[in-house]
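In what follows, a single structure is set out as C-alpha coordinates and then discussed.
The values are calculated or read from the model by the stated rules, or taken from the named source; none is laboratory data. Remember, predicted model here, so these are calculated numbers, not experimental data. Don't worry about glycine lacking a Cβ; one is built from the backbone with ideal geometry, like all the others, and counts go over all protein chains shown.
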Amino acid sequence: MKRESEVFIVDDDEDDRLFIEETIVRNCTNCKLQSFEDGGTFLSQIGQARTNPTLIVLDLNMPGIDGFEVLTNLKANQAMKDVPVIIFTTSSNEVDKDRANTLGAALFITKPQRFSEYNNIFQKYAGRFN
(Lines give C-alpha, C1' and ligand atoms only; values in the text may rest on other atoms or scores of the structure.)
Protein backbone atom coordinates (compact mmCIF):
# COMPACT_ATOMS: atom_id res chain seq x y z
CA MET A 1 0.00 0.00 0.00
CA LYS A 2 1.38 3.39 -0.98
CA ARG A 3 1.87 5.98 1.71
CA GLU A 4 -0.50 8.90 1.42
CA SER A 5 1.17 12.09 0.21
CA GLU A 6 0.08 15.36 1.75
CA VAL A 7 0.33 18.43 -0.48
CA PHE A 8 -0.11 21.96 0.86
CA ILE A 9 -1.17 24.64 -1.62
CA VAL A 10 -0.60 28.30 -0.71
CA ASP A 11 -2.13 30.74 -3.22
CA ASP A 12 -4.33 33.80 -2.80
CA ASP A 13 -6.10 33.26 -6.15
CA GLU A 14 -9.08 30.94 -5.67
CA ASP A 15 -9.18 29.89 -9.35
CA ASP A 16 -5.51 28.97 -9.31
CA ARG A 17 -5.96 26.96 -6.10
CA LEU A 18 -8.85 25.07 -7.69
CA PHE A 19 -6.86 24.39 -10.89
CA ILE A 20 -3.91 23.09 -8.87
CA GLU A 21 -6.17 20.96 -6.67
CA GLU A 22 -8.04 19.47 -9.62
CA THR A 23 -4.81 18.70 -11.46
CA ILE A 24 -3.28 16.96 -8.45
CA VAL A 25 -6.44 14.97 -7.71
CA ARG A 26 -6.59 13.78 -11.33
CA ASN A 27 -2.99 12.58 -11.27
CA CYS A 28 -2.32 11.48 -7.71
CA THR A 29 -4.69 8.96 -6.19
CA ASN A 30 -2.83 8.86 -2.90
CA CYS A 31 -2.62 12.65 -2.37
CA LYS A 32 -4.35 14.50 0.42
CA LEU A 33 -4.63 18.24 -0.20
CA GLN A 34 -4.78 21.18 2.14
CA SER A 35 -5.13 24.72 0.76
CA PHE A 36 -4.33 28.10 2.27
CA GLU A 37 -5.36 31.45 0.81
CA ASP A 38 -2.46 33.50 2.14
CA GLY A 39 1.02 33.21 3.58
CA GLY A 40 0.08 34.42 7.05
CA THR A 41 -2.63 31.81 7.53
CA PHE A 42 -0.32 29.10 6.22
CA LEU A 43 2.54 30.03 8.55
CA SER A 44 0.27 30.24 11.58
CA GLN A 45 -1.27 26.83 10.89
CA ILE A 46 1.83 24.97 9.75
CA GLY A 47 3.13 24.85 13.31
CA GLN A 48 -0.01 22.95 14.32
CA ALA A 49 0.43 20.20 11.72
CA ARG A 50 1.15 16.77 13.17
CA THR A 51 3.22 15.68 10.21
CA ASN A 52 5.10 17.48 7.49
CA PRO A 53 3.62 17.62 4.01
CA THR A 54 5.26 15.73 1.18
CA LEU A 55 5.22 18.84 -1.00
CA ILE A 56 4.29 22.54 -0.81
CA VAL A 57 3.05 24.44 -3.87
CA LEU A 58 3.60 28.15 -3.18
CA ASP A 59 2.61 31.33 -5.02
CA LEU A 60 4.95 34.30 -4.75
CA ASN A 61 2.65 37.26 -5.30
CA MET A 62 0.28 37.33 -2.34
CA PRO A 63 -0.87 40.22 -0.19
CA GLY A 64 0.60 40.48 3.30
CA ILE A 65 3.19 37.78 3.72
CA ASP A 66 4.39 36.94 0.21
CA GLY A 67 5.83 33.68 -1.06
CA PHE A 68 9.44 34.76 -0.54
CA GLU A 69 8.81 35.38 3.14
CA VAL A 70 6.94 32.08 3.48
CA LEU A 71 9.82 30.24 1.78
CA THR A 72 12.37 31.96 4.03
CA ASN A 73 10.38 30.91 7.12
CA LEU A 74 10.02 27.32 5.91
CA LYS A 75 13.71 26.87 5.19
CA ALA A 76 14.64 28.38 8.59
CA ASN A 77 12.33 25.92 10.37
CA GLN A 78 14.23 22.73 11.33
CA ALA A 79 11.10 20.59 11.00
CA MET A 80 10.13 21.97 7.56
CA LYS A 81 13.43 22.81 5.88
CA ASP A 82 13.64 19.56 3.90
CA VAL A 83 10.09 19.68 2.51
CA PRO A 84 10.30 20.43 -1.23
CA VAL A 85 8.65 23.70 -2.25
CA ILE A 86 7.50 24.35 -5.80
CA ILE A 87 7.10 28.03 -6.60
CA PHE A 88 4.08 28.26 -8.90
CA THR A 89 3.62 31.88 -9.86
CA THR A 90 2.60 34.31 -12.59
CA SER A 91 6.12 35.74 -12.51
CA SER A 92 8.57 34.80 -15.23
CA ASN A 93 11.14 37.28 -13.92
CA GLU A 94 14.67 35.80 -13.74
CA VAL A 95 15.40 37.84 -10.60
CA ASP A 96 12.42 36.19 -8.86
CA LYS A 97 13.55 32.76 -10.09
CA ASP A 98 17.11 33.30 -8.85
CA ARG A 99 15.89 34.58 -5.48
CA ALA A 100 13.51 31.61 -5.03
CA ASN A 101 16.27 29.15 -5.91
CA THR A 102 18.69 30.86 -3.53
CA LEU A 103 16.09 30.63 -0.75
CA GLY A 104 15.74 26.87 -1.34
CA ALA A 105 12.86 26.32 -3.77
CA ALA A 106 12.93 22.92 -5.45
CA LEU A 107 11.35 24.26 -8.66
CA PHE A 108 10.18 27.56 -10.11
CA ILE A 109 7.27 27.24 -12.52
CA THR A 110 5.44 30.08 -14.25
CA LYS A 111 1.69 29.48 -14.18
CA PRO A 112 0.24 28.59 -17.58
CA GLN A 113 -2.40 30.67 -19.29
CA ARG A 114 -4.77 27.74 -19.89
CA PHE A 115 -6.06 25.09 -17.50
CA SER A 116 -5.22 22.33 -19.97
CA GLU A 117 -1.53 23.14 -19.50
CA TYR A 118 -1.67 22.48 -15.73
CA ASN A 119 -1.96 18.74 -16.34
CA ASN A 120 1.10 18.75 -18.62
CA ILE A 121 3.14 20.58 -15.99
CA PHE A 122 2.08 18.20 -13.22
CA GLN A 123 2.92 15.13 -15.28
CA LYS A 124 6.31 16.57 -16.21
CA TYR A 125 7.39 17.17 -12.60
CA ALA A 126 5.32 14.80 -10.44
CA GLY A 127 7.83 11.97 -10.48
CA ARG A 128 10.38 14.12 -8.68
CA PHE A 129 8.26 14.28 -5.55
CA ASN A 130 6.63 10.83 -5.22
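Answer with yes or no whether T23 is within 18 Å of N120 (Cα to Cα) and either part of a strand (DSSP E or B) or in contact (Cβ under 8 Å) with a residue 12 or more places away in the chain (or both).
Answer is yes for this residue.
If the Cβ limit is 6 Å and pairs must be 6+ apart or interchain, which residue in the range 27-48 that is under 20 Å from G64 (Cα atoms) pairs with which residue that is aromatic (F, W, Y) and assigned to a helix (DSSP H, G or I)?
F36/F42
This table checks each residue for (1) of a type outside the set (V, I, T); (2) over 21 Å from E6 (Cβ atoms); (3) over 12 Å from the mean Cα position of the chain (by Cα); (4) part of a helix (DSSP H, G or I).
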{"residue": "T41", "(1), (2), (3), (4)": "no, no, yes, yes"}
{"residue": "V57", "(1), (2), (3), (4)": "no, no, no, no"}
{"residue": "I65", "(1), (2), (3), (4)": "no, yes, yes, no"}
{"residue": "E69", "(1), (2), (3), (4)": "yes, yes, yes, yes"}
{"residue": "M80", "(1), (2), (3), (4)": "yes, no, yes, no"}
{"residue": "S92", "(1), (2), (3), (4)": "yes, yes, yes, no"}
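Could you run through the range 36-51 and say how many residues are surrounded by fewer than 17 Cβ atoms within 10 Å (Cβ to Cβ) and not charged (D, E, K, R)?
8
Can you tell me which residues in the range 1-15 are outside any strand (DSSP E or B) and in contact with a strand residue (DSSP E or B) (Cβ under 8 Å, 6 or more places away or on another chain)?
E4, D11
Being touching a Leu at 6+ places or on another chain (Cβ under 9 Å) and buried (at least 16 other Cβ atoms within 10 Å of the Cβ) is the filter here, so list the residues in the range 14-34 that pass it.
Answer for the range 14-34, where residues must be touching a Leu at 6+ places or on another chain (Cβ under 9 Å) and buried (at least 16 other Cβ atoms within 10 Å of the Cβ): I20, E21, I24, C31.
Cβ-Cβ under 8 Å, sequence separation 6+ or interchain: first residue in the range 94-109 and free of Cβ contacts under 8 Å to residues at least 24 places away in the same chain and more than 21 Å from N77 (Cα to Cα), partner not basic (K, R) and not in a strand (DSSP E or B). Which pairs?
K97/S91; I109/I121; I109/Y125
With the checklist (1) touching a Leu at 6+ places or on another chain (Cβ under 8 Å); (2) exposed (fewer than 12 other Cβ atoms within 10 Å of the Cβ); (3) not hydroxyl-bearing (S, T, Y) in hand, flag the one item G67 doesn't pass.
All conditions are met except number (2).
Can you find a residue that is at pLDDT below 95 and hydroxyl-bearing (S, T, Y) anywhere in the range 47-62?
yes
So which pairs qualify, if the first residue must be in the range 59-80 and touching a residue at least 60 places away in the same chain (Cβ under 8 Å), the second must be not small (G, A, S), the Cβ gap must be under 7 Å, and the two must be at least 6 apart or on different chains?
Hits for this filter: V70/V10; V70/F42; V70/L43; V70/L58.
Applying the selection to the range 86-130, what residues are among the basic types (K, R) and at pLDDT 95 or above?
K97, R99
If a residue has to be among the polar types (S, T, N, Q) and in contact with a strand residue (DSSP E or B) (Cβ under 9 Å, 6 or more places away or on another chain) to count, how many in the range 94-124 make the cut?
Number satisfying all stated conditions: 2.
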